[in-house]
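Notes for the one structure printed next.
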Amino acid sequence: MAVEAAEEQKPAKSREKTRKRANCGCGPWIRRNGFLLLLLVSTVSGYVLGLFLQSQKLSNHTILLIGFPGQLVLRAFLMIIVPLLFCSLVLGVSSLRKGGDARMVAVTIGFFLGLSTMSAIMGASAGHLVHPGRKITSGNIQAQSTLSGRRGVILDSMLDLLRNAIPGNIIEATFTKEFTHVEMFNLTNSLDNNPQNPGIIYKKSIQKKSGVNFMGLLCFSILFGCALATLGDKGEALHQVIDQLNAVVMKIMHYFLRLLPLGMFFWMFREGLESAAPMQLLEYMGVFLATAFGCIAFHQFILLPLLYLAIVRKNPIPYHMNLLPAILTAFGTSSSAATLPATVRCAEESNKVNRCVTRFVLPLGMVVHMNGGTFYIPLSAVFLAQLEGISLGMPETLVICVTAILLFIAAPATAGGGNPVYLLTVLAAAGINKPQFISLFLSMEWLMERFRTVMNVVADSYVAAFVEKICAKRLPLDYDDIEYASPVLDGYNPSPVVVKDTPPQSASSNVNICRCCGSRIEVA
């Protein structure tokens, strides 16, 4: 009987081994990355289905209804941007020790300006080296000469930036922003004609338009956080209130993330239905698009990973792979603001970047760091100049690069950030006042805007890793003891969960507790 029982147990053990072998394959990987796969499949399938159904000639009302669920999901993410921006910046600034703020701000701004400068030089250099404008003849493209530039656009943009940075009403800044409105009057019988634009005068006025004033909220949040940090124990109660508010906002963000694949499917379905002749666009703009995509690939897969390898001294491939949810969200929404919640989750939970860094760097980068625009606008300006037969020298190219960097600091972080206007401004700075082929860029704006947003989001995430490495001595030393449950699918836990056994530390006057993440900070 014992021998028979032993023989019966052998097949049972073999079946258990077979099950373990079957489970050790791709099953655990699929469960860990189920959300990412679902987001990828919904994005691609929605767009492909939209392209396939273009031949059905659906009405505008039907297309609007198809994209309505995706629009609701996008609006849901935009709804929490203002409290998320305020709480993240206040907590990030007020949680660092005295003297740490200045160093982190300097390092962050330095990386932002450095990467923006490198992107602008990359775009202008690619335009001069490849000469994509020579491949297109004016006979194949319908010209458009109704748009023209005017003097003073750069000054108006800078004044608008400073004006919005100090809003007169911080509550009103959450839904309106100011801009310089210019009216053009054509005086054919004017006696005092302008030699540059004969018979044309401009009347300027300051007006308001709907939209979040991100620059004003950013400046107010940083100032509020600095003042809160100087209060010490007096501001502890207010700090805890803002911390709990941030936890509520992150929990709401977790609910919205579960709806993201469904929203992305319908949003990309509508984008596919509205895409205008993608094959004809490739025929006319093939060389220019190839140049642009080559620069984007160099920026994403060579420049940033090499900087990560040199500064952080770690393998950049896992770090980049963990950003895929944020990349897909950025490509689908074409908005850095709508992608901010996903970017924060990827940085904090997947890549384990210190929350003291992410709460400061990522919201700041969303507002002032537009890598994609500073690369694309110089490339487009050089390309248009080649179409117009205008030769751009080194001084004109430098003006284009500097103007693009300054203008995109003031660019909104939402979809459709006014890039055709900035392109016209940069062209006017280079002396091209009447670009005939501007309609080419407007026709492919729906595509390039998505790749620019991906560049912005990825660059911000890498800057967060750089700042964390450089400012490591000013940040919590035992942050590695904090772990999260399932990085993508599980909810956000605002309180740190210490899972490793750490030896008890004796009380010392040189050790403080970080109010941002609850970790110990050793004061030198």
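The values are calculated or read from the model by the stated rules, or taken from the named source; none is laboratory data. Just so we're clear, the structure is a prediction, and the values are computed from it rather than from any experiment. Because the Cβ atoms are built from the backbone with ideal geometry, glycine has one as well, and the counts that use them run over all protein chains shown. When the accessible area is computed, the model is the full protein with side chains, heavy atoms only, and any ligands, DNA or RNA have been set aside. Shrake-Rupley method; radii C 1.70, N 1.55, O 1.52, S 1.80 Å.
Return yes or no: is residue 236 among the acidic types (Asp, Glu), crowded, with 16+ Cβ neighbours inside 10 Å and touching a residue at least 24 places away in the same chain (Cβ under 8 Å)? It is false that residue 236 is among the acidic types (Asp, Glu), crowded, with 16+ Cβ neighbours inside 10 Å and touching a residue at least 24 places away in the same chain (Cβ under 8 Å).
The condition (being within 28 Å of residue 368 (Cα to Cα), open to solvent by 70 Å² or more (accessible area, probe 1.4 Å) and out of contact with any helix residue (DSSP H, G or I) (no Cβ under 6 Å at 6 or more places or on another chain)) is satisfied by just one residue among 252, 302: 302. I'm trying to understand the selection: among the residues of the range 208-262, which are within 30 Å of residue 45 (Cα to Cα) and assigned to a helix (DSSP H, G or I)? Passing the criteria: 250, 251, 252, 253, 254, 255, 256, 257, 258, 260, 261, 262.
In this structure, residue 115 does not qualify as within 30 Å of residue 467 (Cα to Cα), buried (at least 19 other Cβ atoms within 10 Å of the Cβ) and at pLDDT below 60. Within the range 216-230, the only residue that satisfies the criterion of being free of Cβ contacts under 8 Å to residues at least 40 places away in the same chain and either of a type in the set (Gly, Ala, Ser) or closer than 9 Å to residue 89 by Cβ (or both) is 227.
Yes or no: the range 277-289 includes at least one residue that is modelled with pLDDT of 90 or more and either open to solvent by 60 Å² or more (accessible area, probe 1.4 Å) or within 25 Å of residue 464 (Cβ to Cβ) (or both). Don't jump to the end; show me each part of the working.
Of the residues in the range 277-289, the ones modelled with pLDDT of 90 or more are none.
Taking every residue of the range 277-289 in turn, none turns out to be modelled with pLDDT of 90 or more and either open to solvent by 60 Å² or more (accessible area, probe 1.4 Å) or within 25 Å of residue 464 (Cβ to Cβ) (or both).
For the range 309-331, a residue qualifies if it is outside any helix (DSSP H, G or I) and surrounded by fewer than 19 Cβ atoms within 10 Å (Cβ to Cβ), and the qualifying residues are 312, 313, 314, 315. Cβ separations smaller than 9 Å between residues 6+ apart or across chains give the following pairs from the range 85-100 residues that are on the phi > 0 side of the Ramachandran plot to residues that are modelled with pLDDT under 75: 99/474.
Yes/no matrix, rows are residues, columns are (1) among the basic types (Lys, Arg); (2) open to solvent by 100 Å² or more (accessible area, probe 1.4 Å); (3) over 23 Å from residue 266 (Cβ atoms); (4) modelled with pLDDT under 65:
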position: 11; (1), (2), (3), (4): no, no, yes, yes
position: 30; (1), (2), (3), (4): no, no, yes, no
position: 49; (1), (2), (3), (4): no, no, no, no
position: 66; (1), (2), (3), (4): no, no, no, no
position: 69; (1), (2), (3), (4): no, no, no, no
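If the condition is being of a type in the set (A, V, I, L, M), modelled with pLDDT of 80 or more, over 18 Å from residue 368 (Cβ atoms) and open to solvent by less than 80 Å² (accessible area, probe 1.4 Å), then the range 158-187 contributes only 170.
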